[in-house]
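The structure that follows is given in the form of structure tokens.
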Amino acid sequence: MEDSALLRYSRHLLLEPWGTEAQERLTRAHVLIVGVGGLGSPASLYLAAAGVGTLTLCDGDEVDLTNLQRQIALSSSDVGRLKVNATAERLQQLNPTIHIHPDPRRVVPEAWGERLGGVDLVLDCCDDFATRFALNRACRERGIPLVSGAVIRFSAQISVFDFRRKDTPCYACLYPPESRTEEEERCALLGVFAPLAGTTGTLQAGEALKVLSGVGDPLVGRVLLLDGLRGEFRTVRLLRDPRCPVCGSGTSAGP
């Protein structure tokens, strides 16, 4: 590592389980962030600051005044701009040594697999179930780890689906596709507590860094539940569902 990188990431390098090898894994990594809103905004800031070598930001929305309550990579002057372009500029200012690719194209669910070439990990920071289910299936088919987060009102959850492991459950084990409707749980209708969105996105970034670096114990087979109103965190186990339409018996496994 160059001297400037040793200095930039010195507080991570001081951590005993970390070291230069873990940092270099981050430098070589490519992360796809789907959604740069309330979750993707803080998550992208921490991944960029930590030195993840390549970040692809996928979001087709423009910045709206209502976004600024929680999407902390944006500013008032960004209203009307594409979120991915405004966020990419902010991240590049934060860390000019990494590569950032803004992608504003809207993707139909069946086309997500085409977007995963060269990607080492996906952050699901979106707010609709169709995209979540499509990402889950595409990542499993390709053996790519998926870090999923969601927040609504004063509640949030995070889990990691590491599809490099044959025993990992998937998002459809947690939420069977037939049980959800698009009318459910949209923050535009129900509201979201801004600091909880920041906490959740930050924790997603932490889980991604653990998976990419090989340091620590990611939330695989567990779901972290956050109650922002009561200030409580709890973890529940998530087992692979043998009847799951994505990863259950009779479905094809990832590599």
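The values are calculated or read from the model by the stated rules, or taken from the named source; none is laboratory data. Predicted model only: the values in this text are computed from it and were never measured. Quick reminder, even Gly has a Cβ in these numbers, built from the backbone with ideal geometry, and neighbours come from all protein chains shown.
Show the residue pairs meeting these rules: Cβ distance below 6 Å; 6+ apart or different chains; first residue within segment 13-38 and in contact (Cβ under 8 Å) with a residue 40 or more places away in the chain; second residue among the acidic types (Asp, Glu).
29/120; 30/120; 34/124; 35/59; 36/59
Can you tell me which condition residue 65 does not meet? The list is (1) surrounded by 14 or more Cβ atoms within 10 Å (Cβ to Cβ); (2) within 25 Å of residue 193 (Cα to Cα); (3) touching a helix residue (DSSP H, G or I) at 6+ places or on another chain (Cβ under 9 Å), and all the others hold.
(1) is the only condition that residue 65 fails.
Every residue, every condition in (1) at pLDDT below 95; (2) within 24 Å of residue 28 (Cα to Cα); (3) in contact with a strand residue (DSSP E or B) (Cβ under 7 Å, 6 or more places away or on another chain), yes or no:
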| position | (1), (2), (3) |
| --- | --- |
| 146 | no, yes, yes |
| 157 | no, no, yes |
| 176 | yes, no, no |
| 208 | no, yes, yes |
| 212 | no, yes, yes |
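Out of all the residues in segment 75-102, which are β-branched (Val, Ile, Thr) and either in contact (Cβ under 8 Å) with a residue 24 or more places away in the chain or closer than 26 Å to residue 22 by Cα (or both)? Don't jump to the end; show me each part of the working.
Of all residues in segment 75-102, those β-branched (Val, Ile, Thr) come to 79, 84, 87, 97-98, 100.
Within segment 75-102, 84, 87, 97, 98, 100 meet the criteria.
Among the candidates 40, 35, which residue alone is surrounded by 21 or more Cβ atoms within 10 Å (Cβ to Cβ), closer than 29 Å to residue 19 by Cα and out of contact with any Lys or Arg (no Cβ under 6 Å at 6 or more places or on another chain)?
On the way: 35 fails: closer than 29 Å to residue 19 by Cα.
Testing whether each residue is surrounded by 21 or more Cβ atoms within 10 Å (Cβ to Cβ), closer than 29 Å to residue 19 by Cα and out of contact with any Lys or Arg (no Cβ under 6 Å at 6 or more places or on another chain) leaves just 40.
Based on what the data block shows, is residue 53 modelled with pLDDT of 95 or more, touching a His at 6+ places or on another chain (Cβ under 9 Å) and either under 24 Å from residue 86 (Cβ atoms) or surrounded by 20 or more Cβ atoms within 10 Å (Cβ to Cβ) (or both)?
Numbers: modelled with pLDDT of 95 or more: yes; touching a His at 6+ places or on another chain (Cβ under 9 Å): yes; either under 24 Å from residue 86 (Cβ atoms) or surrounded by 20 or more Cβ atoms within 10 Å (Cβ to Cβ) (or both): yes.
It is true that residue 53 is modelled with pLDDT of 95 or more, touching a His at 6+ places or on another chain (Cβ under 9 Å) and either under 24 Å from residue 86 (Cβ atoms) or surrounded by 20 or more Cβ atoms within 10 Å (Cβ to Cβ) (or both).
Taking segment 80-110 on its own, how many of its residues are among the aliphatic types (A, V, I, L, M), modelled with pLDDT of 95 or more and either loosely packed, with under 14 Cβ neighbours inside 10 Å or assigned to a helix (DSSP H, G or I) (or both)? Walk me through how you get there before you give the answer.
Initial filter on segment 80-110 (among the aliphatic types (A, V, I, L, M)): 82, 84, 86, 88, 91, 94, 98, 100, 107-108.
If we keep only those that are modelled with pLDDT of 95 or more too, we end up with 82, 84, 86, 88, 91, 94, 98, 100.
Add one more test, that the residue is either loosely packed, with under 14 Cβ neighbours inside 10 Å or assigned to a helix (DSSP H, G or I) (or both), and what stays is 84, 86, 88, 91, 94.
The qualifying residues number 5.
Please name all residue pairs, on different chains or six or more residues apart, with Cβ atoms under 7 Å, provided the first residue is in segment 53-74 and is part of a loop (DSSP other than H, G, I, E, B) and the second residue is acidic (Asp, Glu).
Pairs that qualify, where the first residue is part of a loop (DSSP other than H, G, I, E, B) and the partner is acidic (Asp, Glu), are 63/78.
To continue, here is another question. Which residues, counting only those in segment 13-27, are out of contact with any Ser or Thr (no Cβ under 9 Å at 6 or more places or on another chain) and either of a type in the set (Val, Ile, Thr) or in a helix (DSSP H, G or I) (or both)?
19, 20, 24
Continuing with this model, one more query. Could we say that residue 36 is under 26 Å from residue 111 (Cβ atoms) and outside any strand (DSSP E or B) here? Write out each step before concluding.
Working: under 26 Å from residue 111 (Cβ atoms): yes; outside any strand (DSSP E or B): yes.
The answer is yes for residue 36.
When you scan segment 115-132, do you find a residue that is in contact with a Cys (Cβ under 6 Å, 6 or more places away or on another chain) and surrounded by 14 or more Cβ atoms within 10 Å (Cβ to Cβ), even just one? Working first, answer last.
Step one: list which residues in segment 115-132 are in contact with a Cys (Cβ under 6 Å, 6 or more places away or on another chain), which gives 122.
Checking the rest, the ones that are also surrounded by 14 or more Cβ atoms within 10 Å (Cβ to Cβ) come to 122.
Looking through segment 115-132, at least one residue is in contact with a Cys (Cβ under 6 Å, 6 or more places away or on another chain) and surrounded by 14 or more Cβ atoms within 10 Å (Cβ to Cβ).
While we're on this one: Being on the phi < 0 side of the Ramachandran plot, surrounded by 14 or more Cβ atoms within 10 Å (Cβ to Cβ), of a type in the set (Asp, Glu) and modelled with pLDDT of 95 or more is the requirement here; does residue 162 meet it?
Numbers: on the phi < 0 side of the Ramachandran plot: yes; surrounded by 14 or more Cβ atoms within 10 Å (Cβ to Cβ): yes; of a type in the set (Asp, Glu): yes; modelled with pLDDT of 95 or more: yes.
Yes, satisfied.
Mind listing whichever residues of segment 225-238 are outside any loop (DSSP other than H, G, I, E, B) and in contact with a Leu (Cβ under 7 Å, 6 or more places away or on another chain)? Break it down stepwise before answering.
Filtering segment 225-238 for residues outside any loop (DSSP other than H, G, I, E, B) gives 225-227, 232-237.
226, 233, 234, 235, 236 - these are the residues of segment 225-238 that are outside any loop (DSSP other than H, G, I, E, B) and in contact with a Leu (Cβ under 7 Å, 6 or more places away or on another chain).
Related question: Check whether at least one residue in segment 111-121 is closer than 19 Å to residue 144 by Cβ, free of Cβ contacts under 8 Å to residues at least 24 places away in the same chain and part of a helix (DSSP H, G or I), and report yes or no. Can you show your working first?
Start the filter on segment 111-121 by keeping residues that are closer than 19 Å to residue 144 by Cβ, which leaves 111-121.
Filter once more, so that each one left must be free of Cβ contacts under 8 Å to residues at least 24 places away in the same chain: 111, 114, 117.
From what's left, part of a helix (DSSP H, G or I): 111, 114.
So far as segment 111-121 goes, yes, one or more of its residues are closer than 19 Å to residue 144 by Cβ, free of Cβ contacts under 8 Å to residues at least 24 places away in the same chain and part of a helix (DSSP H, G or I).
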